[in-house]
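Trainee: Take a look at the following structure, please.
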Amino acid sequence: MAVATDGGGGRNRFDIQAYAVESGTVQPSCDGLVAFSYGEVAIATSDEGGGQFTGCMFQIAGESIESAEVSLDRGELYRCDEEWVQAEGGEIEALMAAEGDWQASLAKVYADGRAHLFRFTRLGPSVVEEGSGASGMRFGIWLPDANDGEGAPSGPGANMLPLDWLDGAKLTVSVRFADGSSEAKEVVLHTGYLETTMVEENGVEWRVAVPELADGPDPSGQSTCYTLYGTIQ
(Lines give C-alpha, C1' and ligand atoms only; values in the text may rest on other atoms or scores of the structure.)
Protein backbone atom coordinates (compact mmCIF):
# COMPACT_ATOMS: atom_id res chain seq x y z
CA MET A 1 0.00 0.00 0.00
CA ALA A 2 1.50 3.32 -1.10
CA VAL A 3 -0.76 6.32 -0.67
CA ALA A 4 0.08 9.93 -1.44
CA THR A 5 -1.96 13.09 -1.03
CA ASP A 6 -1.09 16.21 -2.99
CA GLY A 7 -1.02 19.37 -0.91
CA GLY A 8 -0.58 21.60 -3.96
CA GLY A 9 3.17 21.31 -4.28
CA GLY A 10 3.24 18.25 -6.52
CA ARG A 11 3.87 14.57 -5.86
CA ASN A 12 6.62 13.83 -3.35
CA ARG A 13 8.55 10.63 -2.98
CA PHE A 14 10.58 8.97 -0.26
CA ASP A 15 12.54 5.75 -0.15
CA ILE A 16 13.03 3.15 2.57
CA GLN A 17 16.71 2.23 2.43
CA ALA A 18 18.37 -0.66 4.23
CA TYR A 19 21.38 0.18 6.39
CA ALA A 20 24.10 -2.40 7.03
CA VAL A 21 25.39 -1.19 10.37
CA GLU A 22 28.65 -3.18 10.32
CA SER A 23 29.88 -1.68 7.04
CA GLY A 24 27.96 1.60 7.14
CA THR A 25 26.48 0.73 3.73
CA VAL A 26 23.16 2.20 2.60
CA GLN A 27 21.19 0.06 0.14
CA PRO A 28 18.25 1.76 -1.67
CA SER A 29 15.16 -0.32 -2.34
CA CYS A 30 14.86 -1.79 -5.84
CA ASP A 31 11.70 -3.00 -7.60
CA GLY A 32 9.80 -2.65 -4.34
CA LEU A 33 12.20 -4.82 -2.34
CA VAL A 34 14.19 -3.76 0.75
CA ALA A 35 17.19 -5.98 1.62
CA PHE A 36 18.11 -5.93 5.29
CA SER A 37 21.54 -7.13 6.40
CA TYR A 38 21.35 -9.28 9.54
CA GLY A 39 24.39 -7.75 11.18
CA GLU A 40 25.36 -6.38 14.59
CA VAL A 41 23.34 -8.64 16.87
CA ALA A 42 23.30 -7.39 20.46
CA ILE A 43 21.51 -9.18 23.27
CA ALA A 44 19.86 -7.44 26.20
CA THR A 45 18.51 -8.97 29.39
CA SER A 46 16.53 -7.26 32.11
CA ASP A 47 14.04 -7.93 34.87
CA GLU A 48 11.29 -7.45 32.29
CA GLY A 49 12.82 -9.96 29.88
CA GLY A 50 15.46 -9.79 27.20
CA GLY A 51 15.58 -9.23 23.49
CA GLN A 52 17.64 -9.19 20.33
CA PHE A 53 18.76 -6.09 18.43
CA THR A 54 18.91 -7.80 15.06
CA GLY A 55 21.11 -5.42 13.08
CA CYS A 56 18.32 -5.22 10.47
CA MET A 57 18.22 -1.45 10.07
CA PHE A 58 16.72 1.04 7.64
CA GLN A 59 16.49 4.75 7.04
CA ILE A 60 14.01 7.12 5.42
CA ALA A 61 15.39 9.12 2.50
CA GLY A 62 13.72 11.99 0.69
CA GLU A 63 13.66 15.75 0.21
CA SER A 64 11.68 18.32 2.22
CA ILE A 65 10.51 15.76 4.79
CA GLU A 66 8.88 17.52 7.72
CA SER A 67 7.93 14.52 9.85
CA ALA A 68 7.86 10.74 9.75
CA GLU A 69 5.87 8.16 11.69
CA VAL A 70 7.13 4.57 11.74
CA SER A 71 5.30 1.60 13.23
CA LEU A 72 5.82 -2.15 13.40
CA ASP A 73 3.05 -4.63 14.22
CA ARG A 74 5.39 -7.32 15.56
CA GLY A 75 8.46 -6.74 17.71
CA GLU A 76 9.70 -3.20 18.27
CA LEU A 77 11.85 -0.50 16.72
CA TYR A 78 15.19 0.60 18.11
CA ARG A 79 17.86 3.24 17.65
CA CYS A 80 21.57 2.51 17.27
CA ASP A 81 23.98 5.28 18.23
CA GLU A 82 27.45 4.80 16.74
CA GLU A 83 30.76 6.31 17.79
CA TRP A 84 34.33 5.86 16.61
CA VAL A 85 37.03 6.26 19.27
CA GLN A 86 40.77 5.79 19.50
CA ALA A 87 41.13 3.97 22.78
CA GLU A 88 42.64 0.96 24.53
CA GLY A 89 40.87 -1.98 26.14
CA GLY A 90 40.25 -0.51 29.57
CA GLU A 91 39.09 2.81 28.16
CA ILE A 92 36.67 1.05 25.80
CA GLU A 93 35.22 -0.98 28.65
CA ALA A 94 34.67 2.21 30.64
CA LEU A 95 32.92 3.87 27.71
CA MET A 96 30.63 0.88 27.23
CA ALA A 97 29.81 0.78 30.95
CA ALA A 98 28.90 4.48 31.10
CA GLU A 99 25.39 5.29 32.20
CA GLY A 100 22.80 5.93 29.50
CA ASP A 101 19.31 5.08 28.33
CA TRP A 102 20.47 2.22 26.08
CA GLN A 103 19.68 -1.43 26.81
CA ALA A 104 22.69 -3.06 25.11
CA SER A 105 26.07 -2.09 23.68
CA LEU A 106 29.03 -3.63 21.93
CA ALA A 107 32.38 -2.60 20.48
CA LYS A 108 34.36 -3.73 17.45
CA VAL A 109 38.09 -3.13 17.86
CA TYR A 110 40.44 -2.84 14.87
CA ALA A 111 44.16 -3.52 14.57
CA ASP A 112 45.02 0.18 14.27
CA GLY A 113 43.54 0.88 17.71
CA ARG A 114 40.24 2.30 16.52
CA ALA A 115 37.04 1.06 18.13
CA HIS A 116 33.54 1.26 16.68
CA LEU A 117 31.03 1.56 19.52
CA PHE A 118 27.34 0.70 19.19
CA ARG A 119 24.64 1.55 21.75
CA PHE A 120 21.13 0.17 21.28
CA THR A 121 17.93 1.76 22.62
CA ARG A 122 14.42 0.32 22.30
CA LEU A 123 11.81 2.76 21.01
CA GLY A 124 8.65 0.66 21.24
CA PRO A 125 6.37 -0.43 18.38
CA SER A 126 6.01 3.09 16.94
CA VAL A 127 7.92 6.35 16.81
CA VAL A 128 7.37 9.85 15.41
CA GLU A 129 10.26 12.05 14.27
CA GLU A 130 9.77 15.75 13.58
CA GLY A 131 11.92 18.27 11.74
CA SER A 132 15.11 17.80 9.78
CA GLY A 133 16.02 14.67 11.77
CA ALA A 134 13.15 12.74 10.16
CA SER A 135 15.05 12.31 6.89
CA GLY A 136 18.00 9.98 7.36
CA MET A 137 16.88 8.80 10.80
CA ARG A 138 17.84 5.14 11.19
CA PHE A 139 15.75 2.50 12.91
CA GLY A 140 16.37 -1.16 13.65
CA ILE A 141 14.04 -4.11 14.27
CA TRP A 142 14.06 -5.66 17.75
CA LEU A 143 12.90 -9.17 18.70
CA PRO A 144 11.70 -10.13 22.19
CA ASP A 145 12.97 -13.29 23.82
CA ALA A 146 10.84 -16.36 23.23
CA ASN A 147 9.78 -16.39 26.88
CA ASP A 148 9.38 -12.62 27.22
CA GLY A 149 6.62 -11.94 29.71
CA GLU A 150 6.98 -15.38 31.28
CA GLY A 151 10.12 -14.82 33.30
CA ALA A 152 13.68 -13.73 32.77
CA PRO A 153 15.88 -15.80 30.43
CA SER A 154 18.59 -17.96 31.96
CA GLY A 155 21.38 -16.26 30.03
CA PRO A 156 22.11 -13.87 27.16
CA GLY A 157 20.50 -15.25 24.01
CA ALA A 158 19.30 -18.42 25.74
CA ASN A 159 15.76 -18.00 24.46
CA MET A 160 16.30 -15.99 21.28
CA LEU A 161 13.49 -16.10 18.75
CA PRO A 162 14.57 -16.89 15.18
CA LEU A 163 14.46 -14.16 12.56
CA ASP A 164 11.59 -16.10 10.94
CA TRP A 165 9.35 -14.86 13.77
CA LEU A 166 9.13 -11.62 11.79
CA ASP A 167 7.91 -13.32 8.61
CA GLY A 168 4.63 -11.62 7.71
CA ALA A 169 5.08 -8.63 10.03
CA LYS A 170 4.14 -5.21 8.67
CA LEU A 171 6.28 -2.09 8.83
CA THR A 172 4.42 1.15 8.06
CA VAL A 173 6.12 4.46 7.27
CA SER A 174 4.09 7.67 6.91
CA VAL A 175 5.81 10.87 5.81
CA ARG A 176 4.60 14.47 5.72
CA PHE A 177 6.41 16.94 3.48
CA ALA A 178 7.00 20.65 3.92
CA ASP A 179 4.48 21.54 1.19
CA GLY A 180 1.67 19.81 3.09
CA SER A 181 1.56 16.63 1.02
CA SER A 182 1.99 13.20 2.59
CA GLU A 183 2.77 9.63 1.61
CA ALA A 184 2.55 6.26 3.37
CA LYS A 185 4.21 2.95 2.53
CA GLU A 186 3.59 -0.47 4.02
CA VAL A 187 6.41 -3.00 3.97
CA VAL A 188 5.60 -6.69 4.49
CA LEU A 189 8.57 -8.50 6.05
CA HIS A 190 9.79 -11.93 4.95
CA THR A 191 12.83 -14.14 5.51
CA GLY A 192 14.73 -15.92 2.77
CA TYR A 193 17.91 -16.01 0.72
CA LEU A 194 19.14 -12.82 -0.95
CA GLU A 195 22.08 -12.16 -3.23
CA THR A 196 25.06 -10.38 -1.64
CA THR A 197 27.89 -8.12 -2.72
CA MET A 198 31.25 -7.17 -1.25
CA VAL A 199 31.85 -3.62 -0.05
CA GLU A 200 34.88 -2.00 1.55
CA GLU A 201 34.53 0.45 4.40
CA ASN A 202 37.16 1.75 6.83
CA GLY A 203 39.73 -0.58 5.28
CA VAL A 204 37.65 -3.70 5.94
CA GLU A 205 35.70 -5.79 3.44
CA TRP A 206 32.09 -6.68 4.27
CA ARG A 207 29.47 -8.78 2.55
CA VAL A 208 26.04 -7.14 2.47
CA ALA A 209 22.64 -8.19 1.14
CA VAL A 210 21.27 -6.60 -2.04
CA PRO A 211 17.59 -6.36 -3.05
CA GLU A 212 17.59 -9.42 -5.29
CA LEU A 213 16.05 -12.75 -4.32
CA ALA A 214 18.29 -15.82 -4.63
CA ASP A 215 17.10 -19.28 -5.69
CA GLY A 216 18.51 -20.73 -2.47
CA PRO A 217 21.70 -21.02 -0.43
CA ASP A 218 25.05 -20.80 -2.18
CA PRO A 219 26.95 -24.04 -1.34
CA SER A 220 30.10 -21.99 -0.76
CA GLY A 221 28.22 -19.68 1.61
CA GLN A 222 29.63 -16.64 -0.15
CA SER A 223 27.20 -15.15 -2.68
CA THR A 224 23.91 -15.44 -0.77
CA CYS A 225 22.71 -14.97 2.80
CA TYR A 226 19.60 -15.85 4.79
CA THR A 227 18.19 -12.62 6.09
CA LEU A 228 15.17 -10.36 6.43
CA TYR A 229 13.73 -8.55 3.44
CA GLY A 230 10.63 -6.48 2.83
CA THR A 231 8.25 -5.97 -0.08
CA ILE A 232 6.79 -2.49 -0.42
CA GLN A 233 3.05 -2.75 -1.02
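The values are calculated or read from the model by the stated rules, or taken from the named source; none is laboratory data. Note that the structure is a prediction, hence the values are computed from the model and not measured. Cβ placement follows ideal geometry from the backbone for every residue including glycine, while neighbour counts extend to all protein chains displayed. Heads up: the accessible areas ignore ligands, DNA and RNA and are worked out on the full protein's heavy atoms, side chains in. Shrake-Rupley method; radii C 1.70, N 1.55, O 1.52, S 1.80 Å.
Trainee: Amide H of R74 versus every other amide H placed in the peptide plane: which residues, excluding those fewer than 5 positions away on the same chain, fall under 5 Å?
Mentor: The answer is K170.
Trainee: What ³J(HN,Hα) values, in whole Hz, does the Karplus curve 6.51 cos²θ - 1.76 cosθ + 1.60 give for the range 19-24 when θ = phi - 60°, with x put for Gly and Pro?
Mentor: 10, 8, 5, 5, 9, x
Trainee: D31 label point, 7 Å along Cα→Cβ, cut-off 19 Å on backbone N: hits in the range 164-204?
Mentor: Residues passing the 19 Å test: 187-198.
Trainee: List the residues, sorted by chain then number, that are 5 or more residues from A214 or on another chain and whose placed amide H is less than 5 Å from its amide H.
Mentor: Under 5 Å from the amide H of A214 lie the amide H atoms of Y193, L194, E195, each far enough along the sequence or on another chain.
Trainee: Compute the Cα gyration tensor for the range 182-233, then decide on rounded, prolate or oblate, letting a ≥ b ≥ c be the square roots of its eigenvalues: rounded whenever a/c is under 1.5, prolate when a/b is larger than b/c in the other cases, and oblate in all that remain.
Mentor: oblate
Trainee: Taking H as built 1.01 Å from N, whose amide H comes closer than 5 Å to the amide H of L161, not counting residues under 5 places away?
Mentor: It is A146, by chain and number.
Trainee: Mind checking the full-extension length gain between S220 and W84? Use 0.36 nm per residue of separation minus the Cα-Cα distance, one decimal, nm.
Mentor: Length gained, S220 through W84: 45.7 nm.
Trainee: In whole Hz, what ³J(HN,Hα) sequence does the range 112-127 give by Karplus (6.51, -1.76, 1.60; θ = phi - 60°), x for Gly and Pro?
Mentor: 7, x, 6, 10, 9, 9, 10, 10, 10, 10, 5, 10, x, x, 8, 8
Trainee: Here's something else I'd like to know. Need the full-extension length gain, D73 to A178, defined as separation in residues times 0.36 nm minus the C-alpha distance. One decimal, nm.
Mentor: 35.0 nm
Trainee: Now a separate question. Taking θ as phi - 60°, what are the ³J(HN,Hα) couplings along the range 30-37 by the Karplus curve (6.51, -1.76, 1.60), each to the nearest whole Hz, with x for Gly and Pro?
Mentor: Taking θ as phi minus 60°, the curve returns 9, 6, x, 10, 10, 9, 7, 9 Hz for the range 30-37.
Trainee: Another one. What length, rounded to one decimal in nm, is gained on full extension from T231 through to L106, with 0.36 nm per residue of separation minus their alpha-carbon distance?
Mentor: 42.0 nm
Trainee: At 1.4 Å probe radius, can you tell me the per residue accessible area of the range 68-137 in Å²?
Mentor: Averaged over the residues of the range 68-137, the accessible area is 52 Å².
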